[in-house]
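The values are calculated or read from the model by the stated rules, or taken from the named source; none is laboratory data. None of the values given here were measured: they were computed from a predicted structure. When we count neighbours, we look across all protein chains shown, and the Cβ atoms used for this are built from the backbone with ideal geometry, even at glycine. Surface areas here come from the heavy atoms of the whole protein model, side chains and all, with no ligands, DNA or RNA. Shrake-Rupley method; radii C 1.70, N 1.55, O 1.52, S 1.80 Å.
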Amino acid sequence: MDLFEAIRGRRSVRAFKPDPIPDPALERILEAAQWAPSAGNCQARDFVIVTDPDVKARLAEAALGQGFIEEAPVDIVVCANRERSASRYGDRGRNLYCLMDAAAAVENILLAAHALGLGACWVGAYRDGEVMEALGLPPWLRPIAIIPIGFPAESPRPPPRIRLEKLVHFNRYGSER
Ligand SMILES: Cc1cc2nc3c(=O)[nH]c(=O)nc-3n(C[C@H](O)[C@H](O)[C@H](O)COP(=O)(O)O)c2cc1C
């Protein structure tokens, strides 16, 4: 799939068929995550793969009852590793770069899943503490996204985007071309 086609065609998918994801597909998705950029190449992110129904149920509960987390055959929880980044960059690594490293990996996961014919969604609305407890995360990891992935059982319409003219500024904020 052409990159621009993948970027434009990817949608948040929130309904999944029960079929499992083939291991090679999951590996390719994780490799795509691994090759995302990161500050100083610290790669301050970790990935927890969740297939256990009890753990998925706890994630769904932590995410305010978003049931598709439980329905998906796999959830990938992307975590920012504060200390891996802080060891090089101090507070800027701890409070900023690790979040960016993790977010870059999330976008690669979403695009790779789409390119493989799978559906996925970036879920960010959850109680951090409950996710951390469900996954046994140490305090230096912060969950940045729960990503349910599976074969799509819906084809959502593209939601609207704000016009580029409103978002893009030339040379100084507020200026037009
Ligand atoms: C930081 C972040 C948090 C999000 N949290 C949720 C969420 O908790 N639940 C959900 O269903 N979608 C969530 N989304 C998905 C957005 O709703 C979705 O990306 C947006 O509506 C645009 O739709 P599209 O992804 O199909 O282009 C989140 C997306 C981002 C980037």
Q. Cα-based Rg (one decimal) and Dmax (whole number) for the chain, in Å?
A. 17.2, 54
Q: Heavy atoms only, probe 1.4 angstrom, no DNA, RNA or ligands counted: give me Lys56, Lys17, Lys166 ranked by accessible area, highest first.
A: Lys166, Lys17, Lys56
Q. Using heavy-atom solvent-accessible surface (probe 1.4 Å) with all chains present, what is the largest-first order of His114, His169?
A. His169, His114
Q. What's the extension gain from Asp91 to Lys17 if we count 0.36 nm per residue and subtract their Cα-Cα distance?
A. 22.4 nm
Q.
Taking 0.36 nm per residue of sequence separation and subtracting the Cα-Cα distance, how much length would be gained by fully extending the chain between Asp52 and Ala153, in nm to one decimal?
A. 34.3 nm
**Q.** Gained length - Glu133 relative to Trp35, 0.36 nm times residue gap less alpha-carbon distance
**A.** 32.5 nm
Q: At 7 Å along the Cα-to-beta-carbon direction for both Ala6 and Leu167, put a label point, then send me their distance in nm to one decimal.
A: 2.0 nm
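Leaving ligands, DNA and RNA out of it, rank Arg84, Arg92 by accessible area with a 1.4 Å probe, largest first. Mind dumping the intermediate values first?
Numbers: Arg84 85, Arg92 135 Å².
Most to least solvent-accessible, the answer reads Arg92, Arg84.
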Q) How large is ³J(HN,Hα) for each residue in the stretch 107-117, as worked out from phi by the Karplus curve 6.51 cos²θ - 1.76 cosθ + 1.60 (θ = phi - 60°), to whole Hz, x for Gly and Pro? A) 4, 4, 4, 4, 5, 5, 4, 4, 5, 8, x
